[in-house]
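Contents: one structure, followed by commentary.
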Amino acid sequence: MRSTKNYLAWAVVLFVLTSQSLLFADAAPAPGWALKDVKGNTVKLSDFKGKVLVIDFWATWCPPCRAEIPNFIALQDKYGKQGLVVVGISVDQGGAPVVAAFAEKNKINYPLVLADDKVADQYGVTEGIPTTFVIDRKGNIVARHLGLTEPDVFEKEIKRAL
């Protein structure tokens, strides 16, 4: 007979492995940030004023993060001319060289910046990565996703925000 402890452990594993999505009825303003990109240039949230953003907290060593990247590349290609910008905020400890090499190898077509503790705290990225936010043209967070999320979920939210 299996113990309650085993069932609880499996429940926790399933909870962590499944995507958690939150849609916000009362959208809150996205916290501002200024971060360095892989070339050392400062990129600010305000640089994207009037755009729909998908902000993805990720890392090169994270399998679910890597699995989402081709979808983000496709969404950027499909909706970029309509005002979408995907922004990857890397939490890699290896810094710019690691992220830049990964971006080149994977032909990432959207801006990548390097996270600091402040931005992760501001966005409440405490449960794990990938953690992804959809931000509307007014600068409000309209959705939050924890874990691997299907591309059609993002596409519906992007279309609604565009």
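The values are calculated or read from the model by the stated rules, or taken from the named source; none is laboratory data. Since this is a predicted model, take the numbers as computed values, not measurements. As a convention, Cβ positions derive from the backbone with ideal geometry for all residues, glycine included, and neighbour counts pool all protein chains shown.
Remark: pairs (first residue in region 109-129, of a type in the set (D, E); second residue part of a strand (DSSP E or B); Cβ separation under 6 Å; 6+ apart in sequence or on different chains) = E127/L146.
What do you reckon, is A27 crowded, with 19+ Cβ neighbours inside 10 Å, touching a residue at least 40 places away in the same chain (Cβ under 8 Å) and closer than 25 Å to E155 by Cβ? Considered against the rule, which asks whether it is crowded, with 19+ Cβ neighbours inside 10 Å, touching a residue at least 40 places away in the same chain (Cβ under 8 Å) and closer than 25 Å to E155 by Cβ, A27 comes out as no. A count restricted to region 110-147 and to residues that are closer than 20 Å to P64 by Cβ and surrounded by fewer than 18 Cβ atoms within 10 Å (Cβ to Cβ) stands at 5.
Rundown of residues vs (1) within 20 Å of A34 (Cβ to Cβ); (2) assigned to a loop (DSSP other than H, G, I, E, B), yes/no style:
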| site | (1), (2) |
| --- | --- |
| K81 | no, no |
| V85 | yes, no |
| V98 | no, no |
| K118 | yes, no |
| I129 | no, yes |
| V134 | no, no |
| R137 | no, yes |
| V153 | no, no |
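Against the list (1) over 11 Å from the mean Cα position of the chain (by Cα); (2) within 19 Å of V43 (Cα to Cα); (3) at pLDDT 95 or above, the condition D116 fails is (3). Note on region 83-108: residues that are surrounded by fewer than 17 Cβ atoms within 10 Å (Cβ to Cβ), touching a residue at least 24 places away in the same chain (Cβ under 8 Å) and charged (D, E, K, R) total 1. Selection of region 41-56 for residues being over 21 Å from K156 (Cβ atoms) and in contact with a Phe, Trp or Tyr (Cβ under 8 Å, 6 or more places away or on another chain) yields K44, L45.
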